[in-house]
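*Asks:* Once you've had a glance at the structure underneath, I'll fire off some questions.
The values are calculated or read from the model by the stated rules, or taken from the named source; none is laboratory data. Worth saying up front: this structure is predicted, and the values here are computed from it rather than measured. Note: ideal-geometry Cβ built from the backbone for every residue, glycine included; neighbour counts use all protein chains shown. With ligands, DNA and RNA removed, areas are computed over all heavy atoms of the protein, side chains included. Shrake-Rupley method; radii C 1.70, N 1.55, O 1.52, S 1.80 Å.
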Amino acid sequence: MAQRILVGVPPKHHVLLSQDEIAGFTDLGYTCRPVTYGRNDSNAGKLKKVWGTVGKAFNVVKELYAFKPHILYLNSRFEPVGSVRDFITILIIRLFYFRKVKIVIKTHGSDISLLERGSFFYRRLLIPFLRKEVVAWFFLSNDEKELVRKYDPGLARKVFVTANIVDPGRSVASLAFREKYSLDENKFKVLFAGRIVRAKGVFSLLESIPLLSCKEDCQIVFVGDGPDMAALKKRAEELKITEYTRFPGFVPDHECDHFYANADMLAFPTYDSEGFPMALFKSVAAGLPVITSCIRAAKDHLSEPDNVLWVDGQSAESVAKAIDTLYDDHALRNAMSQNNRIIAKKFTRLEVCAGMHEVMMSLSHS
């Protein structure tokens, strides 16, 4: 009988990614069913968030009884809020679900300082409980695994490194798309895509614009939304550079994907804690030359100058130098584009799910 996996699908972010994983596992012979699992409304109060987590946990229990899976696979984050959500959910599952089920978590980003917290709740309850109950933890970079090993060798023995699925076929170049979003045909289009928060390097990118020798020929496009959007736009006005910028705001994943095929390069100077930035690797799959910080999965998969130019995510000067270099060097951009399309073959549905399948099979015999 085929192994059954109940897959926790986030309500907003990484929905397509979860659907790709379900399809990939199905191709490998698993029987899969989705269940909503993920972050609550970020604007809700703490009590409301807790009740939301409890409600979703009982919904997971309901689906467990209905589906009777061998594995519960949850997309989450290894950081205080995400780990509290995992703790509450798994505790409720163990209290109210009376069948055996192996719990696997995939973490889309991490804050390893979680393992340094000295409070009784984290050190004596949350971490030991998750270490005991989660049979495998998929992280998205070797850096993260090594940091876990440094602080908690027992937990590190359950950590496996994987990637996210990237489908280049979802990004299509078209004049109609460029016109819709006012992407100038005569400009060198520098794309940022992601949450608009300082840790993504958005202010370094914005403040690099006055330093660019090529700025008159460039259009810097910030796709996304977030708590620092208003401050970012205000800073653009202060620097008198609004003529070089575009702020499309939040764009749903299926639509956002087309930006990669309609830009000339990606600038993603993040110093955030995410493991495998989808904007970065969707750009790689689309054949974009990229600049980014040498951290996490970027460090695992990309090398300079074959795939990337490394930058200091907190330095506007570093970002400006890299953009000018790519703008001036057409041969380098072409070489990066070709190399990145080759690299992206590691992130197909088959490759990623086959790697996770090996771990799943080891669990089924443990």
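*Asks:* For the list (1) assigned to a helix (DSSP H, G or I); (2) touching a Lys or Arg at 6+ places or on another chain (Cβ under 7 Å), I need the number of the one condition that Asp272 fails.
*Replies:* Condition (1) is where Asp272 drops out.
*Asks:* In addition: As an exercise: evaluate Leu147 against (1) of a type outside the set (Val, Ile, Thr); (2) under 25 Å from Ala279 (Cα atoms); (3) open to solvent by less than 40 Å² (accessible area, probe 1.4 Å) and give the number of the one condition it does not meet.
*Replies:* If we test Leu147 against (1) of a type outside the set (Val, Ile, Thr); (2) under 25 Å from Ala279 (Cα atoms); (3) open to solvent by less than 40 Å² (accessible area, probe 1.4 Å), just (3) comes out false.
*Asks:* Test Arg341 against the stated conditions and say whether it is open to solvent by less than 70 Å² (accessible area, probe 1.4 Å), charged (D, E, K, R) and assigned to a helix (DSSP H, G or I).
*Replies:* So Arg341 fails the test.
*Asks:* Yes or no: Ile165 out of contact with any helix residue (DSSP H, G or I) (no Cβ under 6 Å at 6 or more places or on another chain) and surrounded by 18 or more Cβ atoms within 10 Å (Cβ to Cβ)? Lay out the reasoning, then the answer.
*Replies:* Values: out of contact with any helix residue (DSSP H, G or I) (no Cβ under 6 Å at 6 or more places or on another chain): no; surrounded by 18 or more Cβ atoms within 10 Å (Cβ to Cβ): yes.
When the stated conditions are applied, Ile165 does not pass them.
*Asks:* Would you be able to tell me the number of residues in the stretch 4-26 that are at pLDDT below 95 and open to solvent by 40 Å² or more (accessible area, probe 1.4 Å)?
*Replies:* Total satisfying the criteria: 6.
*Asks:* So for the stretch 278-301 (the condition being out of contact with any strand residue (DSSP E or B) (no Cβ under 6 Å at 6 or more places or on another chain), open to solvent by less than 10 Å² (accessible area, probe 1.4 Å), outside any helix (DSSP H, G or I) and within 23 Å of Leu16 (Cα to Cα)), does at least one residue qualify?
*Replies:* Scanning the stretch 278-301 turns up at least one residue that is out of contact with any strand residue (DSSP E or B) (no Cβ under 6 Å at 6 or more places or on another chain), open to solvent by less than 10 Å² (accessible area, probe 1.4 Å), outside any helix (DSSP H, G or I) and within 23 Å of Leu16 (Cα to Cα).
*Asks:* Does any residue of the stretch 50-61 turn out to be crowded, with 17+ Cβ neighbours inside 10 Å, in a loop (DSSP other than H, G, I, E, B) and at negative phi?
*Replies:* No - not one qualifying residue is present in the stretch 50-61.
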